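Have a look at the structure below before the remarks.
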Amino acid sequence: MGTLEFNTPGDHKERITLFADVLLPVPITKLFTYRVPFEQNEQIGIGYRVIVQFGKKKILTGIVAKIHENPPEVYQAKYIIDLLDDEPTMNEKQLSFYEWIAGYYMSTMGEALNVGMPSGLKLSSESKIQLNPEFDPSGSVFLFSEKEQRILDVLERDKVITYGEAAQILQIKSYLNTIKSLIAKEAILIFEEVKEKYAPKKETYVKLAHHWLKDEYLEELMAELEKKPKQLDVLLGYLKLVPVFNNKELNSAGIAKKELLSGSLSKSSLTTLEKNKVFESFRGIIPRFTLPSGEGKYSIKLTENQQNAKAEILKSFERKQTVLLHGITGSGKTEIYMDLIHDVLEQGEQVLYLLPEIALTTQIVTRLQKVFSDRMGVYHSKYSDNERVEVWKGLIAGKFPLIVGVRSSIFLPFDNLGLVIVDEEHEFSYKQYDPAPRYHARDAAQVLAMIHSAKVLMGTATPSFESYYLAQESKYGYVTLNERYGEAKLPKIIFADLTLERKQKIIKGDFTTVLIDKITQSLSRNEQVIIFQNRRGYSPYISCEECAWIPKCNNCAVSLTFHMYYNQLRCHYCGHHERLPVTCPACGSTKLKTMGFGTEKLEEDLKLLFPEARIQRMDLDTTRRKYSYQKIINDFEQGDIDILVGTQMVSKGLDFDNVTLVGVFDVDRMLHFPDFRSFERTYQLAVQVSGRSGRNEKPGEVIIQSANLKQPILHYISRQDFQEFYNHEIEERHKFKYPPFYRLIRITLKHRDRSVINKAAQILATRIKERFNNNLLLGPYEPMISKIRNLYLMEIILKIPRGDVDLNKFKSILINAANSMKQEKDFRRVFVVFDVDPY
């Protein structure tokens, strides 16, 4: 029994039973209470990982959220199976943040834990096989086959085997039938062995045996080894790398065996020296997460404009928690960030530097290394689970006071956060869509900072309307940078008329002659070019010229995208893929034509137009491996690539000195996307990708291809006039009740039967209308993609005015309405997904 002993004033000993409320990584709304074993009373605390049983069979890793003396009223508390930590893995501020995330984004704390904690800190279990203790081979009434007897013989010898080992023993695909038969005959038992996923990485080290550390003994050893030159070389090699003559304490750390043998030293000679007890080998822990060591010397020099901007930021921080830094592309915002990071680290506080894309992380990390060296941890999904665990633990240990990462970095165990920097704050990559919680890292970071009494600096050249509106309303501080760093000037923007060139029949594929001429000129000057097309793949779809057949995904209501490199048709929603047909399945025609274009087709066309140029593509298909981003960016920086074709990855904060031309494709499609933010996002993407051009003393140009040059937004883009664009758009937002004046909650219903989902959506909408203004509800309606992964979708949008509305009460009513609808027999299997601030 979990009890705590203490002495009362009368020396009477009393025992108190302790209970722990445990946060589990499952989508349940409440914490579960477990009894603390007596032997763990002194060790357990808030933030510790524990192993608990959940339900009849599940063994889970949980986090202790509260210690108390109150047993649960509606169920009997199970005992905690084991305590995993000597020190807390999470802290109370972190748990408070997870609680806010779950509440605001209408999810559960368990879902927040599942997303926030790296899987390397969670337990895994492996099914294993052992003999039944009550099994008596001689007295069994069952007959055993030759295969069954083979398993029993191995278990008699080895006691325990895994399923994989059983498969190897039997060498047949149907080995599970043999296992099931042995279970039925009560000869074996199956059990789950629970283990931690994370294990420190170890390497073999060698060091001199303690006896030889005395100078006279070491000299005798060297004299003795003169007759054995290869062994002497090993000893001298060690002494060169580990100079124990100068400092004998260096010997205890030793040196990695592979490092000692990395030259021409003999491995067999080292083995002989170990046998003769000259050297000792041992296993040492080495970090998985390592960055090349930077200079580590603070040498940032700000220009006068940057110094003035920094002074304004610090002045605003005296009155505001959050400051918006609105600086044009290439104005040197990163240098200001680095200067502020240095100041905060010098005060002994932590910094979180958020970035929207892994691609951007690669280049920023290289710059930060030169200043902050090994005090910086990098956290994103391209790192392995074990590497992320080491960053997590390194933050707790104080090794990494600076964290650079993408949106999931907000869940790390900060305990003394002083500053949060949200770079490119306008980016919708900060929004998490699946799985829950569907949080926005920019907004959540402000709550995280509030919990820590920290400051938030948001930087961008194209602010989101929400952030700019709040700055204009004096909720945020506001600082501007209107000049580019050094001698650089903003690029000249030129529009190419697609309609005109098609009429004149001078366009080449999807490239206007204006763009082709400019690319030719840039390449002749040995300058680099970026081509932006916000759609990957070769072609959005193919179509039969005879019968207009278009291949569709079997699981989703969407056409399949053609990828030439793989010669496949792929669904970008569920991953389904199939070979490109040779003939049309509908009419048998061989006239299958690609329609539209993606980055893959542009890359192919460029290779035909400019056969001498070195061309590379950067999109999701070419950056799936861990270091793909880094290699492409490094090659481009070093001049090994002439033309870089990419999706929105190339539009975000990358800095290349030799880029003087940017080509923008398909701007019309982005403008006419059915989304109230389409103009805002098109403006942001166009201005951001334009900003990659002319970032040094060389002047830059941007070619934007459009079929309609009279669109007003192109005027705003050409002048990069954010204020005028904002003034025009904000009136529309107010008129039609959209952010920043209203909050949005999107409710998505999913089911395999279209008729069921239609009825469920109507019933839910009716129940919501009973409680709220009909004018603030849109739908139910079919979304643009009405079926994904064999589930039909219906959506409802709610508009909630900012101000005096009790948002928590509003959300509770929505959840209750959904739960009430799901209690009806026909709708029990309907999935209901809430997404707060979905766009």
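The values are calculated or read from the model by the stated rules, or taken from the named source; none is laboratory data. Nothing here was measured: the structure is a model prediction, and the numbers come from that model. Cβ sites come from the backbone with ideal geometry, for glycine too, and all protein chains shown count toward neighbours. Ligands, DNA and RNA are excluded from the accessible area calculation, which covers all protein heavy atoms including side chains. Shrake-Rupley method; radii C 1.70, N 1.55, O 1.52, S 1.80 Å.
For the stretch 501-646, give the share of DSSP beta bridges that are antiparallel, in percent and rounded to the nearest 5; count only bridges with both residues there. Within the stretch 501-646, antiparallel bridges account for around 60 percent of the total.
Here the stretch 290-404 is treated as a sphere whose radius is the Kirkwood value from Cα pairs; by Stokes-Einstein at 10 °C and 1.306 mPa s it diffuses with a coefficient of 104 µm²/s. The Cα center of the stretch 305-372 and the Cα center of the stretch 802-818 differ in position by 37 Å. When the C-alpha to C-alpha distance is required to be over 28 Å, the pairs from Lys93/Lys201; Lys552/Lys591; Lys552/Lys737; Lys710/Lys787; Lys626/Lys811 that qualify are Lys93/Lys201; Lys552/Lys737; Lys710/Lys787; Lys626/Lys811. Shape summary of the stretch 435-499, radius of gyration then Dmax from alpha carbon positions: 17.5, 55 Å. Counting only C-alpha contacts under 8 Å and six or more residues apart, can you give the relative contact order of the chain as a whole percent? Averaging sequence separation for qualifying contacts and normalising by length gives 10 percent for the chain.
Note on the stretch 73-146: dipole from Cβ charges, positive end direction compared against Leu113, Phe144, Tyr75; the farthest Cα belongs to Leu113. Translational diffusion coefficient of the stretch 675-720 (Stokes-Einstein, Kirkwood radius from Cα pairs, 25 °C, 0.890 mPa s): 210 µm²/s.
Residues whose amide H comes within less than 5 Å of that of Thr61, counting only those at least five positions distant or on another chain, are Leu123 (H built at 1.01 Å from N in the peptide plane). Size check on the stretch 365-462: the Cα extents along the three principal axes, sorted descending, read 31, 28, 28 Å. Placing unit charges on the Cβ atoms of the charged side chains and taking the dipole of the chain about its Cα centre, the candidate lying farthest along the positive direction among Leu225, Ile341, Phe673 is Phe673. Amide hydrogen proximity for Val558: with H placed 1.01 Å from N in the peptide plane, the residues at 5 or more positions away or on another chain lying under 5 Å are Cys553. For the chain, the cysteines with no partner cysteine C-beta closer than 4.7 Å are Cys574. In units of the compact-protein estimate 2.2 N^0.38 Å, the stretch 523-562 shows a Cα radius of gyration of 1.87. When +1 charges are put on Lys and Arg Cβ atoms and -1 charges on Asp and Glu Cβ atoms, the dipole computed for the stretch 682-839 relative to its Cα centre reaches about 780 debye. Sorting 111-118, 395-402, 137-144 by their mean Cβ neighbour count within 10 Å, with the most densely packed peptide first, gives 111-118, 395-402, 137-144. Assuming charge only on the beta carbon of Lys and Arg (+1) and of Asp and Glu (-1), the dipole of the chain about its Cα centre is about 2240 debye to the nearest 20. Inter-part distance, the stretch 393-419 to the stretch 725-798, computed on C-alpha centroids, equals 37 Å. For the residue pairs Lys518/Lys593; Lys455/Lys799; Lys257/Lys370; Lys518/Lys607, the alpha carbons lie more than 20 Å apart in Lys518/Lys593; Lys455/Lys799; Lys257/Lys370. Calculate log10 I(q)/I(0) of the stretch 586-680 for q = 0.19, 0.20 Å⁻¹, where I(q) comes from the Debye formula with a single equal point scatterer on each Cα and nothing for solvent. Log-scaled intensity ratios, in q order: -1.05, -1.12. Here the 3J(HN,Hα) profile of the stretch 66-82, calculated from phi with Karplus coefficients 6.51, -1.76 and 1.60 at θ = phi - 60°, is 7, 10, 7, 10, 9, x, x, 8, 9, 8, 8, 5, 7, 6, 5, 6, 7 Hz, Gly and Pro shown as x. Helix content alone sets the calculated 222 nm mean residue ellipticity of the chain: runs of n ≥ 4 DSSP H residues at -39500 (n - 2.57) each, divided across all residues, give -10000 deg cm²/dmol. Our note on the geometry: Cα centres of the stretch 547-623 and the stretch 223-246, 63 Å apart.
Looking at the chain alone, DSSP beta bridges between its own residues are antiparallel in about 60 percent of cases.
Close amide H pairs (under 5 Å, H built 1.01 Å from N) link Lys508 with Thr513, residues at least 5 positions away or on another chain. When His452, His734 are compared by accessible area of protein heavy atoms, the largest-first order is His734, His452, using a 1.4 Å probe. Taking a ≥ b ≥ c as the square roots of the eigenvalues of the alpha carbon gyration tensor, the stretch 60-141 is prolate, as a/c is not under 1.5 and a/b beats b/c.
Shown in residue order for the stretch 42-52 are the 3J(HN,Hα) couplings computed by the Karplus curve 6.51 cos²θ - 1.76 cosθ + 1.60 at θ = phi - 60°: 7, 9, 6, x, 5, x, 7, 7, 10, 9, 9 Hz (x for Gly and Pro). When the alpha carbon coordinates of the chain are projected onto the principal axes, the ranges are 89, 80, 76 Å, largest first. Using θ = phi - 60° in the Karplus curve 6.51 cos²θ - 1.76 cosθ + 1.60, the 3J(HN,Hα) couplings for the stretch 543-560 round to 9, 7, 5, 7, 10, 6, 4, 10, x, 10, 6, 5, 9, 10, 8, 8, 6, 8 Hz; x is entered for Gly and Pro.
Based on C-alpha pairs under 8 angstrom that are at least 6 apart in sequence, the stretch 661-705 has a relative contact order of 59 percent.
Reported value for the stretch 723-767: 110 Å³ per residue, from the convex hull of its C-alpha atoms. Candidate cross-link partners of Lys822 among the aspartates and glutamates, defined by an alpha-carbon separation under 17 Å and a same-chain spacing of 8 or more, comprise Asp753, Glu795. The calculated FRET efficiency for Arg579 paired with Arg525, based on their beta-carbon distance and R0 = 51 Å, is about 0.70.
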